[in-house]
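Each remark here refers to the structure printed beneath this line.
Taken together, the values in this text are just the output of simple stated rules run on the coordinates, not laboratory data. Bear in mind that the values here come from a model prediction, so they are computed numbers and not experimental data. Here Cβ is always computed from backbone atoms with ideal geometry, including for glycine, and neighbour counts include all displayed protein chains.
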């Protein structure tokens, strides 16, 4: 499914595992993942559930670090709130920020612009708190051109419309619980499952240490 089919407001700030080493304002998030970090029951095998659980926890930790450092970059007077005076008067968002920000770089620009302000200022008190900013983790949704009724799920008519573009067989494959809808959680599950199946070379539904060694591309997405 093309990424343009859904809006991820969190991508304004973080969601990526890529490391941009040529940007001095970005702290590297790359670290070697050990087999036993994921193999929580220590049976020398990694199940899909273990891998998915590890990935979620690592993503959450990465997102929280990124949110905190981005908040600090916008909070110019360090009073734990962001006001309109502290953000740019621009209609154009800067490119997504990848990873934890090095706030010692004086050239770093706050990711927010004044048009974003009302979205994050949930209680409309003209300031954005860190808790309000963290709410974006819960606001990932499909784009309006797919999700016509904005209920964060796609029925068969929405998904197979010309503006959304799912083939019928793909819609059925993604509707895991056969309830007539596909959700972002189902999309995410399918993506993780495909990655796991690719790595599982001997098709025993687990990853051994040799298969784990070939996880480099997948490990990047865990950082």
statement: So the FRET efficiency between residue 156 and residue 40, C-beta based with R0 = 45 Å and rounded to 0.05, is 0.75
- prompt: Taking other Cβ within 10 Å of each residue's Cβ, how do 65, 78 sort, fewest first?
  reply: 78, 65
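Quick check: residue separation of residue 65 and residue 32 times 0.36 nm, minus the Cα distance between them. What number comes out in nm?
Details: separation 33, 0.36 × 33 = 11.88 nm, distance 1.81 nm.
Extra length from residue 65 to residue 32 when fully extended: 10.1 nm.
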field: Two-site label geometry, residue 130 and residue 49: point separation in nm, points 7 Å out along Cα→Cβ
entry: 3.4 nm
- prompt: How much length is gained on full extension from residue 176 to residue 57, taking 0.36 nm per residue of separation minus their Cα-Cα distance?
  reply: 40.5 nm
- prompt: Can you sort 32, 44 by how many other beta carbons sit within 10 Å, fewest first?
  reply: 32, 44
- request: Return the distance in nm (one decimal) between the two label points of a simple spin-label model at residue 208 and residue 83, each offset 7 Å from Cα along Cα→Cβ.
  value: 6.4 nm
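Multiplying the sequence separation of residue 122 and residue 144 by 0.36 nm and subtracting their Cα-Cα distance, what value in nm do you get? Show your work: numbers first, answer last.
Values: separation 22, 0.36 × 22 = 7.92 nm, distance 2.07 nm.
So the extension gain works out to 5.9 nm.
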